[in-house]
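K.L.:
Below is one structure. I have some questions about it.
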Amino acid sequence: MARATTARIHIDALRHNLARIRSAAPGSKVMAVVKADGYGHGLERVAQALAGADAFGVAALSDAQRLRAAGFSQSIVLLSGFDEVADLTQLRDLSVVTVVHHPFQLEMLAADSGSPISVWLKMDSGMHRLGFPPEQFHEAYRRLKEMPNVDDDIVCMSHFASSDEPDNPQTASQLACFDALLPPDAQVCSLANSAAVLAWPASHRQWLRAGGALYGLSVASGRTGSDFGLKPAMTLSTRLISTQQVRAGERVGYAGTYVCPEDMRIGVAAIGYGDGYPRNIRPGTPALLNGQRVPIIGRVSMDLMTVDLRSQTQAAVGDELTLWGEGLPVEEIAEAAGTISYELTCSITRRVRFRED
């Protein structure tokens, strides 16, 4: 029998979240960022649900190939840009827009004589990851405009480092930097990621780049997606495969880190870090058993975890255990693991069964 571990992907939630993004900035086009296999939700599945988006954003040409093979005709933007000359042929073959963020890409384009490629030009306005320094941006823009193999309609962009922190002055500083050094004839821009869409209306330009918010994931520390009117797009669940009565003082799991404080029932569930659930959660992190919270006890192992059944006297083998989803935000589990919700959804492994709701 197949393992019971299942990731249910809620198609209506994805569509609701896209509508929420549109309502926050009705005058802008929306790029649905579907990198990392749709943030772990399944690239083609997510793209179908978000087919109403104006473009898709990917981090790898292989994702663009998958989208084209699946029949999607929307504009696709390669957010990390091309790395080598051979990529230019693929960009043309797949009709993919590329980000240009470094002088080495300018040199490759200058030596290229193919048909025009569409380009988004990236400024490093303060994140210091990818992008031309502000003082070099005008020259990069000028060179691209003069290249016959580059489409004339260049989109200017940048990326925020701290837009998920409303009180952090860095976003306002990046906005001011971008606006001050934008070429006068630049007509189309893109600044806002998910957090900026919802918290920084001054960043709304012609294009939005929505990622985590589309999947119902929080865009601010200490808050959940539902706080922003978003719906979770994934429910991760499994079932109990054993229950046991354990005496007071007995230890549970590897290294015996949990000591039973009294005679008690425990349940064993078919999920572990081999499925993508984080091993390093805090003791007592909750799961939902039959809709009620129960604490996870002992160490999470590769295939199994144990839960405290003292509050669930009727619990039985086969009962469903939800690890995150409606009623148990993934952000809460991420906080207990010392990470972010994005990492958890992206970490689901191939042996987990995916199902659409």
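K.L.:
Count, please, the residues in segment 211-226 that happen to be out of contact with any Asp or Glu (no Cβ under 6 Å at 6 or more places or on another chain), surrounded by 14 or more Cβ atoms within 10 Å (Cβ to Cβ) and farther than 22 Å from G57 by Cβ.
P.N.:
So in segment 211-226, the residues out of contact with any Asp or Glu (no Cβ under 6 Å at 6 or more places or on another chain) come out as 211-217, 221-223, 225-226.
Okay, now just the ones that are also surrounded by 14 or more Cβ atoms within 10 Å (Cβ to Cβ), so 211-217, 225-226.
Retained after the next criterion (residues that are farther than 22 Å from G57 by Cβ): 226.
Adding up the residues that qualify gives 1.
K.L.:
All but one of (1) of a type in the set (A, V, I, L, M); (2) surrounded by fewer than 19 Cβ atoms within 10 Å (Cβ to Cβ); (3) more than 24 Å from L130 (Cα to Cα); (4) touching a Ser or Thr at 6+ places or on another chain (Cβ under 9 Å) hold for I21; which doesn't?
P.N.:
(2)
K.L.:
Within segment 304-318, identify whether any single residue is among the charged types (D, E, K, R) and buried (at least 17 other Cβ atoms within 10 Å of the Cβ), and answer yes or no. Give the steps one after another, and end with the answer.
P.N.:
Pass one, segment 304-318, residues among the charged types (D, E, K, R): 308, 310.
From the residues that got through so far, the ones that are buried (at least 17 other Cβ atoms within 10 Å of the Cβ) too are 308.
Yes: segment 304-318 contains one or more residues that are among the charged types (D, E, K, R) and buried (at least 17 other Cβ atoms within 10 Å of the Cβ).
K.L.:
For the structure I just gave you, tell me whether R293 is in a loop (DSSP other than H, G, I, E, B), open to solvent by 20 Å² or more (accessible area, probe 1.4 Å) and not small (G, A, S).
P.N.:
The answer is no for R293.
K.L.:
Whether any residue in segment 320-331 is surrounded by 17 or more Cβ atoms within 10 Å (Cβ to Cβ), assigned to a helix (DSSP H, G or I) and of a type outside the set (S, T, N, Q) is what I want to check.
P.N.:
Within segment 320-331 (the criterion being surrounded by 17 or more Cβ atoms within 10 Å (Cβ to Cβ), assigned to a helix (DSSP H, G or I) and of a type outside the set (S, T, N, Q)), the answer is yes, since at least one residue qualifies.
K.L.:
Just to verify a result, which residue in segment 227-250, among those that are free of Cβ contacts under 8 Å to residues at least 24 places away in the same chain and outside any helix (DSSP H, G or I), is surrounded by the most Cβ atoms within 10 Å (Cβ to Cβ)?
P.N.:
Selected residue: V246.
K.L.:
Additional query: Here are some conditions: (1) assigned to a helix (DSSP H, G or I); (2) over 25 Å from A213 (Cβ atoms). Q174 meets all but one. Which one does it not meet?
P.N.:
(2)
K.L.:
Just to be sure I understand, how many residues within segment 332-357 are part of a helix (DSSP H, G or I), under 18 Å from D37 (Cα atoms) and either in contact with a Gly (Cβ under 6 Å, 6 or more places away or on another chain) or touching a residue at least 60 places away in the same chain (Cβ under 8 Å) (or both)?
P.N.:
Residues meeting the conditions: 5.
K.L.:
Given the options R223, R209, R205, R265, name the one that is more than 28 Å from A25 (Cβ to Cβ) and either charged (D, E, K, R) or in contact with a His (Cβ under 8 Å, 6 or more places away or on another chain) (or both). Walk me through how you get there before you give the answer.
P.N.:
Numbers: R223 fails: more than 28 Å from A25 (Cβ to Cβ); R209 fails: more than 28 Å from A25 (Cβ to Cβ); R205 fails: more than 28 Å from A25 (Cβ to Cβ).
On inspection, the qualifying residue turns out to be R265.
K.L.:
Right, here's the next one. Return the residues of segment 17-75 that are among the acidic types (D, E) and out of contact with any strand residue (DSSP E or B) (no Cβ under 9 Å at 6 or more places or on another chain); say none if nothing qualifies.
P.N.:
D37, E44 - these are the residues of segment 17-75 that are among the acidic types (D, E) and out of contact with any strand residue (DSSP E or B) (no Cβ under 9 Å at 6 or more places or on another chain).
K.L.:
Given the conditions (1) open to solvent by 40 Å² or more (accessible area, probe 1.4 Å); (2) within 30 Å of Y342 (Cβ to Cβ); (3) part of a helix (DSSP H, G or I); (4) in contact (Cβ under 8 Å) with a residue 40 or more places away in the chain, report the number of the one that H138 does not fulfil.
P.N.:
(2)
K.L.:
Okay, next question. Is it true that some residue in segment 62-76 is of a type outside the set (S, T, Y), open to solvent by 60 Å² or more (accessible area, probe 1.4 Å) and under 19 Å from T345 (Cα atoms)?
P.N.:
No, because not a single residue in segment 62-76 is of a type outside the set (S, T, Y), open to solvent by 60 Å² or more (accessible area, probe 1.4 Å) and under 19 Å from T345 (Cα atoms).
The values are calculated or read from the model by the stated rules, or taken from the named source; none is laboratory data. Keep in mind it's a predicted model, so treat the numbers as computed, not measured. Please note: Cβ atoms are built from the backbone with ideal geometry, for glycine as well, and neighbour counts cover all protein chains shown. Please note that ligands, DNA and RNA were not included when accessible areas were found on the heavy atoms of the full protein model with its side chains. Shrake-Rupley method; radii C 1.70, N 1.55, O 1.52, S 1.80 Å.
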